[in-house]
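The structure under discussion appears below in the form of structure tokens.
The values are calculated or read from the model by the stated rules, or taken from the named source; none is laboratory data. All of these numbers come straight from a predicted model, not from anything done at the bench. Every residue, glycine as well, gets a Cβ built from its backbone with ideal geometry; the counts of neighbours run over all protein chains shown.
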């Protein structure tokens, strides 16, 4: 590993390093949403195969889930800056190769509708309809799978780097801004991605996505990320043993810190139990609210709006110690109660308010718990901690959706009972968190506690 810069706390939140990282990731995440939209719609229009779409989603998420702990170890043993920069650079090259392949096949096959001579012109892809291409889809699977592997290394490096780029007392606000960037990227990326796809088709969408990754990599190359130095191993065999040892140490660290272990389980179960709500929302809208599909969009927008408000509250409200612990537990209680009652409400506008509250309370919980974990974990092990957290939360959400689908079919789509059951389970988890002295004490960790250690 290269000689790392000494750990020195920045003087303000919007310093050069954090600003470059934040805006670079906002741009690249918008592009990532473009890729997701283009990938799914291309497969749908080219093959009409739901199985291929499901397989693509699996290949684009599963490697990241499985490799999360290893990615966290990389983030602790190697330069986090290099991991972040090279991840975006490689992603940009991969997606560019897919766009180039699709444009080449367009030129090679002469698939244009605007030119009666069948020749290729620079903007002829505007008029192209997506077409079945085994070559395109095969390479798309490869790009999506490699992207998921890269993401497993990128995410822990990002989460581990943020606390060293901002003042400790501004860490909640930094996490709030990071979550807001994710929401903004989802909102702009999915909305604009669908519009661009409808006009141009997939190739230009992928080309734009590659440009966003390359822009982010260039922006991040000017960042200085402080990091404790790690002594390199002399032999490759010893290096691999040390790597496995470090990964196990990360797992042991989380397990032996009882407060952190309980919080990890709470975060994982929250993702597991909120997932059924999202999966069954279309059935809830049409069968219980008796509304059309537009209300599905309204409710998702309400959850997003509530989350943004929650991010802002968590980042702006300066609570410490026991007050911070109480806020985190109350936010989890609020999410559980809202989730439990929403299935029994049939007035659409009241439902809007309740799902907004789910987003708000979940947003507070996510930002505050992320901050607590970042403060509790020392910089030299922080990557492994967040690698494991990402594996638990990202892995349990799709499992929750799968289980919910089976249960919903067995229960004849009894959405209120399923929602209420999920809400009761989250409530029980919240009460367990509140009754655990270790968890309550762990949730009091703040800047003052960090300064004392």
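One table, with the values for the structure above:
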read-out: Qualifying residue in segment 288-297 (condition: surrounded by 14 or more Cβ atoms within 10 Å (Cβ to Cβ), at pLDDT below 85 and within 28 Å of residue 443 (Cβ to Cβ)); value: no
read-out: Selection from segment 150-180 of residues that are modelled with pLDDT of 85 or more and surrounded by fewer than 18 Cβ atoms within 10 Å (Cβ to Cβ); value: 167
read-out: Which numbered condition residue 343 fails, given (1) at pLDDT below 90; (2) buried (at least 24 other Cβ atoms within 10 Å of the Cβ); (3) under 17 Å from residue 427 (Cβ atoms); value: (2)
read-out: Selection status of residue 332, crowded, with 16+ Cβ neighbours inside 10 Å, in a helix (DSSP H, G or I) and either outside the structural domain of residue 388 (by TED's automatic domain parsing) or modelled with pLDDT of 80 or more (or both); value: yes
read-out: Verdict on residue 274 being over 25 Å from residue 168 (Cα atoms) and more than 23 Å from the chain's Cα centre (by Cα); value: no
read-out: Condition check for residue 211: assigned by TED's automatic domain parsing to the domain that holds residue 60 and surrounded by 20 or more Cβ atoms within 10 Å (Cβ to Cβ); value: no
read-out: Of the criteria (1) in a helix (DSSP H, G or I); (2) free of Cβ contacts under 8 Å to residues at least 12 places away in the same chain, which one residue 319 fails; value: (1)
read-out: Qualifying residue in segment 369-379 (condition: more than 21 Å from the chain's Cα centre (by Cα), crowded, with 18+ Cβ neighbours inside 10 Å and closer than 26 Å to residue 64 by Cβ); value: yes
